[in-house]
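Structure first, commentary second.
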There are 4 protein chains.
Amino acid sequence: MIIVLQTDLAEAQVLHVCQTLNELGLTSQVVLTSHHKLVVVLDDTSSYATHVFSRIDGVDKVMRVQSQCPLALTSNQLGLPFANGSIVGGGKGPVVIAGPCSVEGRLQLVELACQVKTAGAHLLRGGAFKPRTSPYDFRGLGLEALKYLKEASEITGLPVVSEVMSPQQIEISEPFIDMFQIGARNMYNYELLKEVGRTRKPILLKRALSATIAELLQSAEYILLEGNQQVVLCERGIRTFETHTRNTLDLSAVAALKTMTQLPVLVDPSHGTGRPELIRPMSRAAIACGADGLLIEVHNEPSKALSDGSQAITPDVLKEVVAEVNTIFQALNPVNSNLHFQPAGSIPEPAKV
Amino acid sequence: MIIVLQTDLAEAQVLHVCQTLNELGLTSQVVLTSHHKLVVVLDDTSSYATHVFSRIDGVDKVMRVQSQCPLALTSNQLGLPFANGSIVGGGKGPVVIAGPCSVEGRLQLVELACQVKTAGAHLLRGGAFKPRTSPYDFRGLGLEALKYLKEASEITGLPVVSEVMSPQQIEISEPFIDMFQIGARNMYNYELLKEVGRTRKPILLKRALSATIAELLQSAEYILLEGNQQVVLCERGIRTFETHTRNTLDLSAVAALKTMTQLPVLVDPSHGTGRPELIRPMSRAAIACGADGLLIEVHNEPSKALSDGSQAITPDVLKEVVAEVNTIFQALNPVNSNLHFQPAGSIPEPAKV
Amino acid sequence: MIIVLQTDLAEAQVLHVCQTLNELGLTSQVVLTSHHKLVVVLDDTSSYATHVFSRIDGVDKVMRVQSQCPLALTSNQLGLPFANGSIVGGGKGPVVIAGPCSVEGRLQLVELACQVKTAGAHLLRGGAFKPRTSPYDFRGLGLEALKYLKEASEITGLPVVSEVMSPQQIEISEPFIDMFQIGARNMYNYELLKEVGRTRKPILLKRALSATIAELLQSAEYILLEGNQQVVLCERGIRTFETHTRNTLDLSAVAALKTMTQLPVLVDPSHGTGRPELIRPMSRAAIACGADGLLIEVHNEPSKALSDGSQAITPDVLKEVVAEVNTIFQALNPVNSNLHFQPAGSIPEPAKV
Amino acid sequence: MIIVLQTDLAEAQVLHVCQTLNELGLTSQVVLTSHHKLVVVLDDTSSYATHVFSRIDGVDKVMRVQSQCPLALTSNQLGLPFANGSIVGGGKGPVVIAGPCSVEGRLQLVELACQVKTAGAHLLRGGAFKPRTSPYDFRGLGLEALKYLKEASEITGLPVVSEVMSPQQIEISEPFIDMFQIGARNMYNYELLKEVGRTRKPILLKRALSATIAELLQSAEYILLEGNQQVVLCERGIRTFETHTRNTLDLSAVAALKTMTQLPVLVDPSHGTGRPELIRPMSRAAIACGADGLLIEVHNEPSKALSDGSQAITPDVLKEVVAEVNTIFQALNPVNSNLHFQPAGSIPEPAKV
């Protein structure tokens, strides 16, 4: 922590600042430059709020040097393996998680699960509990949906990801699903983060639409601190002034995260753009800039989807997306590119997940 | 709902769009302009998602005409009275809710409650459960804090507002507090909104830092739909590119909300600016543009606050804020300005709240 | 400038950083904390770009301590007097600059100038050269408009403000107007800033819709550096995700600027909100938070205005705005509030401006 | 244009709205839905401002249907050929424009030009006139720089792109350069757009950091309207709340533009991210989502660059960028991928450009 003092501060007052730090158990060093008087705190201040320093008399401003998410920055997560052989992260190639926004019925889900499997997806997504901006919109089938997801998973061999929004939903969902999703609206819901941190299932943590990269990592830190190392980050668009797209997909955040942490990073081009015609190009871009995979909303008849139908693509388009992102990954990683891809196109025997 | 068709659409295809609408039970009318073919849906579409229309073959884009938060726009809430005679909203003059970010101890809280009472506050705020961006920060005293809040309320006569973040916290808090606060991080937490909507206590609903005005109203709609009419909106800054202030306090949203709804609107200049020196001018501006009151963080020794100390003001500054906003309100409302202000400066007998 | 070194840097490399600084003619001091190695540059680095330091081998990041706009922060401008006795800034009370977005004709302008004078305005604004987002929109009458402005000024005694967008327009406008306006679109047009800095007329500098407070001050610095001290800053809304208002009027920037600089600060609620029904409340808020005045678009028949008619108010509404902001200013400054207000309501003899 | 009337409007008032439209020479049709009264204007309203309609008595709001940049949307620009055989746009593969932010000297520029040529660049960029946020920064060598650019172009055969900021700079630059760049700060400088629109050289138009996609197209429209069809758009990052990156590179805008217009679209990852370590991944992503090329800042010794050194890459890194984006383009376009790439690696005979 570096403390910049007010420019006209007398020596006695400078000493008083150091003394105040001393009372907090902190040692410090004064540095005088041509224009400023600085006090550098020499001890670990990662657990101190900045106002402890900024509100001391005579302080002009305070600059933090230390990071506040040490676990997220040093996590040693080298790929997160699933029962069906898919690996999320670790440079193992693009993992595709696909499925409907909401589970709308048994037939719909099982049919779609088979189709996304055939199209090349590695995991199945589907909402059982839906947060919706308008209270008049469809809000999910709940437990019924979880049973269908489990059944679809057994038929296709695809592990299942589904969103949870409360401790109760975690408990209900746990027997049915393989990965908990924390949605963008709950990235700042720290109680919920701690709860999923106490489970031993992988967590897909989506960036809030107003969250900085640093805040996303701090939310991951909440989960990691509870002992759950299986955190996967997901960029899904931030809110900006641009209205042509639903959000602004921040792919430079993906590239930046890959230089900062070893946690896997996925991209959700469906929410990121809100426009079906942009899913293909932005999926390609995501993999090209280093994302470990994609989270894509797929529906058989988007116009009849009960939620988010405006951005869903069909299984046919998904097939093209998978082909294109594999092409890019292999072109950029000629040797090890197909290490983990199981042959798509055939539905395997039901597997115990 | 107005449907703009692709420009080159043949007549048969136009008819097909109308037929599709018909199958949805909707009547429509085709309008041909010099440059476009439009289909206007004549029935109520407030409960239809836009993609039901945008994904029909031949549709270029869709424009919604009807609002999605009818209750919030027509709510007839003319001032929300509290046991101590304070009235939030209804043009009854500035209500000031003040107190520490977090309840840190019995002595701290009771002393501060007395001081904010003396300074002229009408309700007491204090966090029992704290959401914190960094997991290493202080996260509240929980039940203990609630008991102190109740005690401080009995001593000062000030009703108590405190934030809840889960159904469980609602249940624990209910006997101790007079108003539930939904924090900015939970404005999109629809499960929680429904839960507080089922209680019969007033709700202070804070705008999320990335929420549009329309989304704030939709979140209010969730609460209103459950039958709880006592919703108070609160502007507390939105996230923009400006970094000098913690957030950008959007006072035009306040002025706009006052033209759209009768729900009371408060302003939180503490979170809105994150800078103590801006609390006074922005409090004045809030009341001048029509806000019904203020939510202000106060601390005796801001440098020693366990949370958000960088933005707290002292009780002395609060006194000046109260004086200034009353001056402005009275200057703008010469006749009825002191209808609801009880004399500040003396601590009344403990009241049963 | 504080240089944070990479954590694992050997002593020899630390020395190499200091040596590199030495070659740049800079002395420095190494400070070792429990977690970091810092190098503090002791000399004046206000004229050094940060990359000079950040790209040295072994450097992790760089934190600037010194400001880059010394003149703007220390300017001693205590109120800017105009020929008609109006004073902009210096705490002398709200100055109102009003007039049409564009000068549309002689009759229109003179009539409107008389009306805004009667309504209590202190200066007249009117666009001769109009920047327009759509190339199909009306773009101003040019020289003809300037002549009408001069005439209206002589009739009403109101000094005239008008926007210039090129060196050529500065030259053409100079004989006709009393204050140059640099529009939001040109705040980053440094060539133009230098040009107006070389004139000796007051400059109204509007904040760009994407500019931080620091950047606004840096643009002012360009003008001040050329020797022109008569700079007036103007907040006119920044671009955010909110679409209900045309921009987000950032009044906390006004309050913040008043703590940072003595340059006068005006507010333009017309562009700031883009909605006529918000002009009154936001004008009140602007003065309440410390703005030195207002810049307001007025039109006789807004629906027939050739530009920006959607946000103009009528002279009648302006009258109410003036009354309200004077009421607020006087209530907050009981003694000296009417120091500079000349009686409104009568049109004086033509004055030589 | 669709006009939504106030809900309680009497029939006579509805007729009055239609009559007002009639006086403007516009025919209209009333449509009554279950909740609203609409008036659809049947004639071409692309040249009408919305306030002409929104300020008519009884009007609630107005929705525009027609586009305001017809030329940009229908431009038929199929690749922009340069003297050295490079083609910008038309799906001809990634074009790389590279060079220093500022021209700093003859030796520096010629050496760098040779190096970017060898690394595979197709055009040379270099600033002669520099807009700088801080007035204390280096602002370019002017005419001297233009001469060096011309010389470097003759030696390497690379056509030259350089920024102009005033009509005077256009005139000075014209004999020396092959393409005018309009910088982000001048995207809204309509006078300048018209000036370059009157030249017959290609224009590189950069998106302002606060511009929507629609506004970028409207700025292009200004140039196209003057008869210059050779417009190339460039995404270079928008301003958002994220501070880790200098700006937020909006690649979905690139993908969106490719569905809206045939004008070529480039990406500037240097300004877009402001971080050298992100140039490679974001260059790959840009080409993967459909960009026609890249604009990259290159410097021999970034720590000694006189401007923007914090984001420049070295010629060695540029080589890798070129290789990677070609790999991606060829993988995605197996047949025609090397149509226009001339062999890199050897410096050709000086060519008359």
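Observations on the structure shown:
- Screening D:Arg246 on (1) surrounded by fewer than 24 Cβ atoms within 10 Å (Cβ to Cβ); (2) more than 13 Å from the chain's Cα centre (by Cα); (3) facing chain A (nearest Cβ under 7 Å); (4) under 27 Å from B:Glu242 (Cβ atoms) shows it passes everything except condition (3).
- Residue in the stretch A:6-23 that is under 27 Å from C:Leu26 (Cα atoms), open to solvent by 10 Å² or more (accessible area, probe 1.4 Å), within 14 Å of chain B (Cβ to nearest Cβ) and not in a helix (DSSP H, G or I) present: yes
- Candidate set: the stretch B:142-168, residues that are open to solvent by 10 Å² or more (accessible area, probe 1.4 Å) and within 22 Å of the chain's Cα centre (by Cα); chosen: the one farthest from B:Val265 (Cα to Cα): B:Gln168
- Test: C:Ile172 is surrounded by fewer than 20 Cβ atoms within 10 Å (Cβ to Cβ) and touching a residue at least 24 places away in the same chain (Cβ under 8 Å): yes
- Any hit, the stretch C:35-53, residues being within 14 Å of chain D (Cβ to nearest Cβ), out of contact with any strand residue (DSSP E or B) (no Cβ under 8 Å at 6 or more places or on another chain) and over 24 Å from C:Glu221 (Cα atoms): no
- Count of the stretch B:262-285 residues which are assigned to a helix (DSSP H, G or I) and either more than 10 Å from chain C (Cβ to nearest Cβ) or open to solvent by less than 10 Å² (accessible area, probe 1.4 Å) (or both): 11
- Any hit, the stretch B:319-328, residues being within 14 Å of chain A (Cβ to nearest Cβ), within 21 Å of the chain's Cα centre (by Cα) and touching a residue at least 24 places away in the same chain (Cβ under 8 Å): no
- Selection status of B:Ala312, open to solvent by less than 10 Å² (accessible area, probe 1.4 Å), modelled with pLDDT of 90 or more and within 14 Å of chain A (Cβ to nearest Cβ): yes
- Flag if A:Val254 is closer than 14 Å to A:Ile97 by Cβ and either at the interface with another protein chain (Cβ under 7 Å from one of its Cβ atoms) or modelled with pLDDT of 95 or more (or both): no
- Only a single item in (1) open to solvent by 20 Å² or more (accessible area, probe 1.4 Å); (2) away from chain A (no Cβ under 12 Å); (3) farther than 21 Å from D:Ala305 by Cα is not met by C:Ser28, and it is number (2).
- Whichever residue in the stretch B:207-241 is more than 11 Å from chain A (Cβ to nearest Cβ) and open to solvent by 10 Å² or more (accessible area, probe 1.4 Å) and, among such residues, is nearest to the chain's Cα centre (by Cα): B:Arg236
- Residue match in the stretch B:199-207 (condition: farther than 18 Å from B:Gly89 by Cα and at pLDDT 95 or above): yes
- Between C:Ala220, C:Ala145, the distinction of being at pLDDT 95 or above and part of a helix (DSSP H, G or I) belongs to C:Ala220 only.
- Matching residues in the stretch A:169-191 - criterion: being of a type in the set (Phe, Trp, Tyr), within 19 Å of the chain's Cα centre (by Cα) and in a loop (DSSP other than H, G, I, E, B): A:Tyr188
- Lone qualifier among B:Ile2, B:Ile87 - being open to solvent by 20 Å² or more (accessible area, probe 1.4 Å), among the hydrophobic types (A, V, I, L, M, F, W, C) and over 18 Å from A:Pro302 (Cβ atoms): B:Ile87
- Odd one out for D:Gln29, checked against (1) more than 25 Å from C:Ala312 (Cβ to Cβ); (2) outside any strand (DSSP E or B): (2)
- Residue within the stretch B:61-73 that is open to solvent by less than 50 Å² (accessible area, probe 1.4 Å), within 26 Å of B:Thr7 (Cα to Cα) and not β-branched (Val, Ile, Thr) present: yes
- Here is the figure for the stretch A:32-53: residues that are surrounded by 20 or more Cβ atoms within 10 Å (Cβ to Cβ) and either β-branched (Val, Ile, Thr) or part of a helix (DSSP H, G or I) (or both) total 8.
- A single entry from C:Tyr148, C:Tyr188 fulfils the requirement of being touching a residue at least 12 places away in the same chain (Cβ under 8 Å), in contact with a Lys or Arg (Cβ under 6 Å, 6 or more places away or on another chain) and either of a type in the set (Asp, Glu) or more than 24 Å from C:Ala121 (Cβ to Cβ) (or both): C:Tyr188.
- Among the residues making up the stretch D:12-31, a single one is more than 43 Å from the chain's Cα centre (by Cα) and under 18 Å from B:Leu42 (Cα atoms): D:Val14.
- Looking only at the stretch A:286-307, residues that are within 14 Å of A:Arg125 (Cα to Cα) and either part of a helix (DSSP H, G or I) or open to solvent by 10 Å² or more (accessible area, probe 1.4 Å) (or both) come to 1 in all.
- Qualifying residue in the stretch C:193-205 (condition: surrounded by 24 or more Cβ atoms within 10 Å (Cβ to Cβ), free of Cβ contacts under 8 Å to residues at least 60 places away in the same chain and not aliphatic (A, V, I, L, M)): no
- Members of the stretch A:249-260 that are open to solvent by 10 Å² or more (accessible area, probe 1.4 Å) and touching a residue at least 24 places away in the same chain (Cβ under 8 Å): A:Lys258, A:Met260
The values are calculated or read from the model by the stated rules, or taken from the named source; none is laboratory data. Every value quoted in this text rests on a predicted model; they were computed, and no experiment measured them. No Cβ is skipped: glycine too gets one built from the backbone with ideal geometry, and neighbour counts run over all protein chains shown. The accessibility values were calculated without ligands, DNA or RNA, using every heavy atom of the protein model including side chains. Shrake-Rupley method; radii C 1.70, N 1.55, O 1.52, S 1.80 Å.
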